[in-house]
1. Rank these residues by their accessible area, most exposed first, probe 1.4 Å: ARG172, ARG180.
2. Charges at C-beta only: +1 for Lys and Arg, -1 for Asp and Glu. How large is the resulting dipole of the chain about its Cα centre, in Debye rounded to 20?
3. Would you kindly give the portion of the calculated P(r) for the chain that falls above 37 Å, as a percent of all Cα pairs?
4. For the charge dipole of the chain, defined by +1 on Lys and Arg C-beta atoms and -1 on Asp and Glu C-beta atoms about the Cα centroid, which residue among SER86, PRO272, LEU226 has the Cα displaced farthest towards the positive pole?
5. For the chain, report the accessible area per residue in Å² (1.4 Å probe, heavy atoms, rounded to an integer).
6. Based on the mean of other beta carbon atoms within 10 Å per residue, what is the order of 45-51, 221-227, most packed first?
7. Please give the Cα centre distance for the stretch 242-263 versus the stretch 105-131, rounded to the nearest Å.
8. First compute the accessible area of the stretch 203-310 with a 1.4 Å probe, then give the percent of it belonging to carbon and sulfur atoms.
Amino acid sequence: MSEAPILVTGGAGFIGSHLVDALLAQGRSVRVLDNLSMGKRANLALDNPSLQLVEGDVADAALVAEALAGCQAVAHLAAVASVQASVDDPVGTHQSNFIGTLNVCEAMRQQGVRRVLFASSAAVYGNNGEGQAIDENTPKAPLTPYAADKLASEHYLDFYRRQHGLEPAIFRFFNVFGPRQDPSSPYSGVISIFTQRAQQGLPISVFGDGQQTRDFFYIADLVEVLLQALLAPGVVEGAVNVGWNQAVSLNQLLAEIGNLFGGLPPVSHQTPRPGDIRHSRADNQRLQACYRLPAPTPLRDGLRQLLGLA
Ligand code: NAD
Ligand code: UD1
């Protein structure tokens, strides 16, 4: 009998599709639930008989239950990943970013599935890092509907853990980047936008002075951690930051991109985004203690791989 599939919600998106590839490469069976709002069929090896795509919404409780039937574990990655989108549409994004999580928890409880990996975010800390490395016990200060939905999702997962025996592996990702991060919307991740615009010679907009910092994490490094969390016999209790404890400003990022292209298109500065976090840098001691980590992919190498230069 073949092994029960792993359900990956948001599996057609950037992070999800890399996780799906890694699971398939291990010979595992995978079911993806994705509404293709950001994800793409082209990100999935749909000719692989071990992969199944269920097209639909995590806000649809009946569909989530159907997609989970017969699965052994869940990686719950489906969400509207843009912080700005949640500021513009708090009600719409809440359906994906919170109700979706609750539907996953409830379907798991009903079907006795225990292991769930959850993609939370550094956004839950708001500006409480104040430029220092943020550890998991730093007080939470969600500044946007996106961050509030991620933090509420964490609390619900913890409730289902205590009350119903779920095994949530909760990660607070800092800024993940790499191939397949879709640059096509103004809401997309900054590296995907800046590299695409530099490649096409189009002007680049920096929101604010460019001195804001992020802790960038290359996708291949992340997948190694996610596989361990999904497949290990035990689960790490409580949330774990995923970052390298490295602060890179947008101005430094632009300089790196400029080096790779031998120059940059015009760069202009616009009003900062509402709710934008100033500095974000992970204290990653828990991550180091709980998981086997690869050597960090340096930003430059990750950018080269993203651009197909490596
Ligand atoms: P992404 O947009 O590429 O992937 C999200 C996927 O979820 C997409 O395929 C999208 O179509 C799907 N989706 C969205 N709403 C859905 C819904 N209601 N029902 C079903 N599918 C839905 O973004 P990503 O960067 O791969 O993000 C994956 C997860 O990681 C998200 O939960 C995001 O909040 C979280 N996260 C990402 C980062 C980052 O830096 N990329 C950092 C912290 C947390
Ligand atoms: C990102 C993720 C979010 C995650 C969070 C964790 C995306 C789209 N967002 O949010 O899911 O929870 O990290 O830390 O993946 N910027 C510009 N010009 C642009 C685009 C962005 O200056 O054209 C700036 C933004 O104002 C911000 C920085 O770049 O200061 C990073 O923006 P973005 O990539 O959207 O990421 P976060 O908001 O950090």
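1. The ranking, largest first, comes out as ARG180, ARG172.
2. Values: 22 positive and 28 negative charges, 68 e Å.
I would put it at about 320 debye.
3. Values: 5300 of 47895 pairs.
Everything past 37 Å amounts to 11 percent.
4. Among SER86, PRO272, LEU226, the one farthest towards the positive end of the dipole of the chain is LEU226.
5. Values: 13260 Å² over 310 residues.
On a per-residue basis, the chain sits at 43 Å².
6. Details: 45-51: 12.7, 221-227: 20.0.
In decreasing order of mean packing, 45-51, 221-227 become 221-227, 45-51.
7. Using only Cα atoms, the two centres lie 28 Å from each other.
8. Working: 2490 of 5010 Å².
Roughly 50 percent, rounded to a whole number.
The values are calculated or read from the model by the stated rules, or taken from the named source; none is laboratory data. Given the structure is predicted, the values throughout are model-derived calculations rather than measurements. Please note: Cβ atoms are built from the backbone with ideal geometry, for glycine as well, and neighbour counts cover all protein chains shown. Accessible surface areas use protein heavy atoms only, side chains included; no ligands, DNA or RNA. Shrake-Rupley method; radii C 1.70, N 1.55, O 1.52, S 1.80 Å.
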